[in-house]
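To start, the structure itself, in structure tokens.
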Ligand SMILES: Nc1ncnc2c1ncn2[C@@H]1O[C@H](COP(=O)(O)OP(=O)(O)OP(=O)(O)O)[C@@H](O)[C@H]1O
């Protein structure tokens, strides 16, 4: 096929016609030319804008005026008929203004004064010493400054009130007097309207829709963004982050799991917790990151507010009846997700440290509820602060002593000996260890478990505080190290977490540790362990507004954040009463069972600290000069039955044999012989201690034995009682 074309030299009649037109009349051919020529601007026609009808016609204008007049009349009638409302508003308005005036007069000075008074009260509760004197004088100084400031403020306020009142009342009176009726009406209206303005009903506040927090969107997309922003996952691999399951509510936060791209372990994200928290716009304390079942799975839990800002009551307060703390532990605190945290006090010793008023005592109060209601636990408290904090539990305590270093040294000696006794007993009876199966049998054999509490180590352990400081530290270290396996748990508390109070070995042997807010990172490390602040476990950063909050490190929980439950003084008293009844029924109150530790203390010092000793408040004086054991036992025998005037030798011996194995008849031996052995030892001891006392056995109708006055003469009490 061929295409016909016109040769370039051949004339084209059409082209000729166009160019001819252009040459003869260029303006006519402008429409067809390709050459740029602005020519003249085209003119556009606009449609006129419509105007309101009343502007165009008189009729419409008249109608508009009628409408406006009617509306004005309606408005006025409406306002007039509603004037009673406005009068009501007006009264409310002036009441509100008065209240504002009153608030401005106080400002927040009253609150500040109350806070200063509280500081003063708290300072007075501190143990006597320089710290208390300093705290008291600081609180007093603050209180005085606040009071002076308040006085000046009240004066200024009165001056301002006087000047404004004078201007308003004076100006108003002059205007009313000079202005005539209309001015007076207008002024009255102004007064009513001003009041009505301030008293107008409050607009119903429409709660702004809660903007969803960035955390509430926790899901695959958010986690992709967050992991990229935190530098855990490179941006080009963000799409490989996969959600596992769906985000769900867990306690006060949301939990979600994601699988990271292959080759990126979840632990890489865990180490970038701070960056992830920042990308989620939360504090890192509100966030939990854990490696899941597989190395690349990241478990995320995040709350949108501080989970420790709330106060919770101990769930044990609702518990009725005995508690088996060996099997169930003690719920002492709550974790980040609101879950109860159990302390397995059977398995390890615990040290609690933190600055003053940061909640150490509260953690102990939680532990005490549990152990007090467990009849198999022998609770012994050595309180170095000497306050009334533990008095409520005195009645159930095997030993309760305040500020007595010598007695603590003796008691730790007794506990160390008790460890040997227990280990021999378990050995003899073929028990490898105490466990859930053999628990009851072991408890009967050993006489229960020991929970030995030293509240305020600083009173006892620093070198130079007493001649027993080294011995106490050494014995406590031993108890903490090996006690748990033998049913002996040590709980130590200190508000002075320094190395001379908590010496290295003592700290290391406490395998459970709780650090409340401390004054420095070093103090925090003294409790939790060297280098812990570097790993992010720094108790000095715990907010001061949250007493009871702590870093808890136990073999079961690892290092976690907790806040102890709140136990109020009333709760404490109630729990102590319940514990008393539980122990009474189980025959495990002090005096109801044979306590080798108190026996030893009594024999060594001549005074008992069971149930807080005489007076039940733990105020056990300095040890009396040591009495020979037969005399101390004879004295205890009289005391056990209410100090009768006299007692037969047989009855006295029976009580002695029940209290001390040393004088009990050996198996198969004759009881009379054993009694005579004791009475001989008593006479010999009396000859040494008080040779002037007549130790001949006295005879009376129906019996032979000793008078109380004779035994008191031996112990020295008779002399003490004479004026
Ligand atoms: N878990 C908690 N929840 C709420 N409030 C608490 C909690 N723990 C402590 N508090 C508050 O803090 C106060 C001081 O607590 P606590 O007496 O236990 O401190 P502390 O460290 O033992 O003080 P100190 O060293 O003076 O003995 C308590 O009276 C209580 O008001």
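Residue 655 versus (1) touching a helix residue (DSSP H, G or I) at 6+ places or on another chain (Cβ under 9 Å); (2) more than 15 Å from residue 603 (Cβ to Cβ): which is the lone unmet condition?
(2)
Within segment 583-602, can you find the residues that are farther than 18 Å from residue 641 by Cα and surrounded by fewer than 20 Cβ atoms within 10 Å (Cβ to Cβ)? Can you show your working first?
Residues of segment 583-602 farther than 18 Å from residue 641 by Cα: 583-586, 588, 596-597, 600-601.
584, 585, 586, 596, 600 - these are the residues of segment 583-602 that are farther than 18 Å from residue 641 by Cα and surrounded by fewer than 20 Cβ atoms within 10 Å (Cβ to Cβ).
Any residue in segment 130-141 that is exposed (fewer than 11 other Cβ atoms within 10 Å of the Cβ) and either modelled with pLDDT under 85 or within 16 Å of the ligand (Cβ to nearest atom) (or both)? Lay out the reasoning, then the answer.
Step one: of segment 130-141, the residues exposed (fewer than 11 other Cβ atoms within 10 Å of the Cβ) are 130.
Subsequent filtering for residues that are either modelled with pLDDT under 85 or within 16 Å of the ligand (Cβ to nearest atom) (or both) retains 130.
Yes, segment 130-141 has at least one match.
Output the residue which, of all residues in segment 505-524 that are touching a residue at least 40 places away in the same chain (Cβ under 8 Å) and more than 16 Å from the ligand (Cβ to nearest atom), is surrounded by the fewest Cβ atoms within 10 Å (Cβ to Cβ).
Checked segment 505-524; the qualifying residue surrounded by the fewest Cβ atoms within 10 Å (Cβ to Cβ) is 511.
Return the residue satisfying two criteria in turn: it lies in segment 361-397 and is touching a helix residue (DSSP H, G or I) at 6+ places or on another chain (Cβ under 7 Å) and near the ligand (Cβ under 9 Å from one of its atoms), and of such residues it is farthest from residue 443 (Cα to Cα).
Restricting to residues being touching a helix residue (DSSP H, G or I) at 6+ places or on another chain (Cβ under 7 Å) and near the ligand (Cβ under 9 Å from one of its atoms), the top hit is 389.
Would you be able to tell me the number of residues in segment 528-551 that are surrounded by 14 or more Cβ atoms within 10 Å (Cβ to Cβ) and away from the ligand (no atom under 16 Å from the Cβ)?
Matching residues across segment 528-551 total 7.
When you check residue 571 against the structure, is it modelled with pLDDT under 95 and in contact with a helix residue (DSSP H, G or I) (Cβ under 6 Å, 6 or more places away or on another chain), yes or no? Give the derivation first.
Values: modelled with pLDDT under 95: yes; in contact with a helix residue (DSSP H, G or I) (Cβ under 6 Å, 6 or more places away or on another chain): yes.
Considered against the rule, which asks whether it is modelled with pLDDT under 95 and in contact with a helix residue (DSSP H, G or I) (Cβ under 6 Å, 6 or more places away or on another chain), residue 571 comes out as yes.
Just checking, how many residues over segment 552-570 are within 16 Å of the ligand (Cβ to nearest atom) and touching a strand residue (DSSP E or B) at 6+ places or on another chain (Cβ under 7 Å)?
First pass over segment 552-570, keeping only residues within 16 Å of the ligand (Cβ to nearest atom): 552, 560-570.
Imposing the further condition that a residue be touching a strand residue (DSSP E or B) at 6+ places or on another chain (Cβ under 7 Å) reduces the set to 552, 560-566.
Residues meeting the conditions: 8.
Pairs needed: first member in segment 481-504, under 14 Å from residue 384 (Cβ atoms); second member anywhere, within 15 Å of the ligand (Cβ to nearest atom) and assigned to a loop (DSSP other than H, G, I, E, B); C-beta distance under 7 Å; at least 6 residues apart or different chains.
Between residues of segment 481-504 that are under 14 Å from residue 384 (Cβ atoms) and residues that are within 15 Å of the ligand (Cβ to nearest atom) and assigned to a loop (DSSP other than H, G, I, E, B), the close pairs are 493/456; 494/456; 494/501; 494/502; 495/354; 495/355; 495/356; 495/456.
For residue 112, work out the one condition from (1) at pLDDT 85 or above; (2) in contact with a helix residue (DSSP H, G or I) (Cβ under 8 Å, 6 or more places away or on another chain) it doesn't fulfil.
Condition not satisfied by residue 112: (1).
Would you mention how many residues in segment 606-627 are at pLDDT 85 or above and more than 45 Å from the chain's Cα centre (by Cα)?
Residues flagged as at pLDDT 85 or above and more than 45 Å from the chain's Cα centre (by Cα) within segment 606-627 amount to 0.
From the residues in segment 325-360 that are surrounded by fewer than 22 Cβ atoms within 10 Å (Cβ to Cβ) and near the ligand (Cβ under 8 Å from one of its atoms), which one is nearest to the chain's Cα centre (by Cα)?
The extreme case among them is 357.
Can you pull out the residues in segment 154-165 that are surrounded by 13 or more Cβ atoms within 10 Å (Cβ to Cβ) and either touching a helix residue (DSSP H, G or I) at 6+ places or on another chain (Cβ under 6 Å) or over 14 Å from residue 102 (Cα atoms) (or both)?
157
Might you let me know whether segment 393-409 holds any residue that is crowded, with 22+ Cβ neighbours inside 10 Å, assigned by TED's automatic domain parsing to the domain that holds residue 528 and within 23 Å of the chain's Cα centre (by Cα)?
yes
Would you call residue 454 assigned by TED's automatic domain parsing to the domain that holds residue 368, touching a strand residue (DSSP E or B) at 6+ places or on another chain (Cβ under 7 Å) and either within 16 Å of the ligand (Cβ to nearest atom) or over 21 Å from residue 372 (Cα atoms) (or both)? Step through it out loud before you land on a result.
Numbers: assigned by TED's automatic domain parsing to the domain that holds residue 368: yes; touching a strand residue (DSSP E or B) at 6+ places or on another chain (Cβ under 7 Å): yes; either within 16 Å of the ligand (Cβ to nearest atom) or over 21 Å from residue 372 (Cα atoms) (or both): yes.
Judged against the criteria, residue 454 is a match.
When you scan segment 226-259, how many residues do you find that are part of a loop (DSSP other than H, G, I, E, B) and surrounded by 15 or more Cβ atoms within 10 Å (Cβ to Cβ)? If you could, list the steps in order and put the result at the bottom.
Pass one, segment 226-259, residues part of a loop (DSSP other than H, G, I, E, B): 230-234, 241, 251-252.
Those still in the list that are surrounded by 15 or more Cβ atoms within 10 Å (Cβ to Cβ) too: 230, 232-233, 241, 251-252.
Result for segment 226-259: 6.
Under 30 Å from residue 357 (Cα atoms) and in a helix (DSSP H, G or I) - does that describe any residue in segment 149-171? Outline the logic, then answer.
Our first condition is that a residue be under 30 Å from residue 357 (Cα atoms); within segment 149-171, this holds for 149-150.
Applying the additional criterion that residues be in a helix (DSSP H, G or I) yields 149-150.
Yes; the residues of segment 149-171 include at least one that is under 30 Å from residue 357 (Cα atoms) and in a helix (DSSP H, G or I).
Among the residues in segment 308-317, are any more than 16 Å from the ligand (Cβ to nearest atom) and either over 25 Å from residue 551 (Cβ atoms) or loosely packed, with under 15 Cβ neighbours inside 10 Å (or both)?
Of the residues in segment 308-317, the ones more than 16 Å from the ligand (Cβ to nearest atom) are none.
No, because not a single residue in segment 308-317 is more than 16 Å from the ligand (Cβ to nearest atom) and either over 25 Å from residue 551 (Cβ atoms) or loosely packed, with under 15 Cβ neighbours inside 10 Å (or both).
The values are calculated or read from the model by the stated rules, or taken from the named source; none is laboratory data. Since the model is a prediction, treat every value here as computed from it, not as a measurement. All Cβ positions, even for glycine, are placed from backbone atoms using ideal geometry, and neighbour counts span all protein chains on display.
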